[in-house]
Amino acid sequence: HKLISWETALNLRARVSHLSKWCGDFFYASSPLMIEKKIDARLPRLPVLVKGKIDRVEQKNDETKTKILIDFKSSKVVGLKNELQSVQILIYSWLLELNNIHISDAGYLCVTDKETKWLRVEQLSIQKKLIEKIVLVLSSLNNGHPVKPVAAKSGHICKSCSVRDICRKNEWMLDKSAW
């Protein structure tokens, strides 16, 4: 009925094919515990509410009852080498922990027209450390102190970053003596 273009239909079909195979292999031994649920909590010692929408939490149907946090991505996620690349999963696992749901495995499920790939976030235990860093930075800003951008030492100016005016990375790069 011409509700979508042929190109869109073929793209969806290609993605669903890869996703179906992955799901068949992954979900056969688990049950959904949570699907697209909004969750929130206040940061420690600050009046800041952190909100998120959990794509999916699965619970294995074995004696371990392992809980797996899954965040779906419709594009490729490149590398998960540090907490910045894993920040969404780490914050979601912290939010779930506050709601008495202990996540022991988590990652991004990247679904493209070429493949479906699971990228595991290895260090879930650093979630509390990340939250403390966020609290420290926000407290410093609240007290009027400048905050060094996380990526300042790399020398790359983030042209497409939506918070570059707040970050003031250009200023940090010009005055390297400040860091």
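Check VAL48, VAL77, VAL111, VAL121 and return the single one that is modelled with pLDDT of 90 or more and in contact with a strand residue (DSSP E or B) (Cβ under 7 Å, 6 or more places away or on another chain). First the steps, then the outcome.
Details: VAL77 fails: modelled with pLDDT of 90 or more; VAL111 fails: modelled with pLDDT of 90 or more; VAL121 fails: modelled with pLDDT of 90 or more.
Checking each option against the conditions leaves just VAL48.
Which residues, taken from the range 18-54, are under 28 Å from LEU136 (Cα atoms), of a type in the set (D, E, K, R) and either in contact with a Ser or Thr (Cβ under 9 Å, 6 or more places away or on another chain) or touching a residue at least 24 places away in the same chain (Cβ under 8 Å) (or both)?
Across the range 18-54, the qualifying residues are ASP40, ARG45.
When the residues of the range 96-109 are narrowed to those that are among the hydrophobic types (A, V, I, L, M, F, W, C) and surrounded by fewer than 19 Cβ atoms within 10 Å (Cβ to Cβ), which ends up farthest from GLU122 (Cα to Cα)? Show your work before the answer.
Restricting attention to the range 96-109, the residues satisfying the condition of being among the hydrophobic types (A, V, I, L, M, F, W, C) are 96, 98, 101, 103, 106, 109.
Right, trim to surrounded by fewer than 19 Cβ atoms within 10 Å (Cβ to Cβ) and you get 98, 101.
Values: LEU98: 20, ILE101: 18 Å.
In this case the residue turns out to be LEU98.
So which residues in the range 16-50 are outside any helix (DSSP H, G or I) and open to solvent by 70 Å² or more (accessible area, probe 1.4 Å)? Working first, answer last.
Within the range 16-50, the subset outside any helix (DSSP H, G or I) is 30-50.
Correct list: PRO32, LEU33, ILE35, GLU36, LYS37, LYS38, ASP40, ARG42, ARG45, PRO47, LEU49.
How many residues are open to solvent by less than 40 Å² (accessible area, probe 1.4 Å) and modelled with pLDDT of 80 or more if we restrict to the range 80-95?
Within the range 80-95, residues that are open to solvent by less than 40 Å² (accessible area, probe 1.4 Å) and modelled with pLDDT of 80 or more number 7.
The conditions are (1) within 23 Å of PRO47 (Cβ to Cβ); (2) touching a residue at least 40 places away in the same chain (Cβ under 8 Å); (3) open to solvent by 20 Å² or more (accessible area, probe 1.4 Å), and LEU119 fails exactly one of them. Which is it?
Evaluating LEU119 over (1) within 23 Å of PRO47 (Cβ to Cβ); (2) touching a residue at least 40 places away in the same chain (Cβ under 8 Å); (3) open to solvent by 20 Å² or more (accessible area, probe 1.4 Å) leaves (1) as the failure.
Taking the range 51-65, which residues are in contact with a strand residue (DSSP E or B) (Cβ under 8 Å, 6 or more places away or on another chain) and either assigned to a strand (DSSP E or B) or open to solvent by less than 80 Å² (accessible area, probe 1.4 Å) (or both)? Steps first, answer last, please.
Restricting attention to the range 51-65, the residues satisfying the condition of being in contact with a strand residue (DSSP E or B) (Cβ under 8 Å, 6 or more places away or on another chain) are 51-61, 65.
LYS51, GLY52, LYS53, ILE54, ASP55, ARG56, VAL57, GLU58, GLN59, LYS60 - these are the residues of the range 51-65 that are in contact with a strand residue (DSSP E or B) (Cβ under 8 Å, 6 or more places away or on another chain) and either assigned to a strand (DSSP E or B) or open to solvent by less than 80 Å² (accessible area, probe 1.4 Å) (or both).
The values are calculated or read from the model by the stated rules, or taken from the named source; none is laboratory data. Bear in mind that the values here come from a model prediction, so they are computed numbers and not experimental data. Using ideal geometry, Cβ is built from the backbone for each residue, glycine included, and neighbour counts are taken over all protein chains shown. These accessible areas exclude ligands, DNA and RNA; they are computed on the full protein's heavy atoms, side chains included. Shrake-Rupley method; radii C 1.70, N 1.55, O 1.52, S 1.80 Å.
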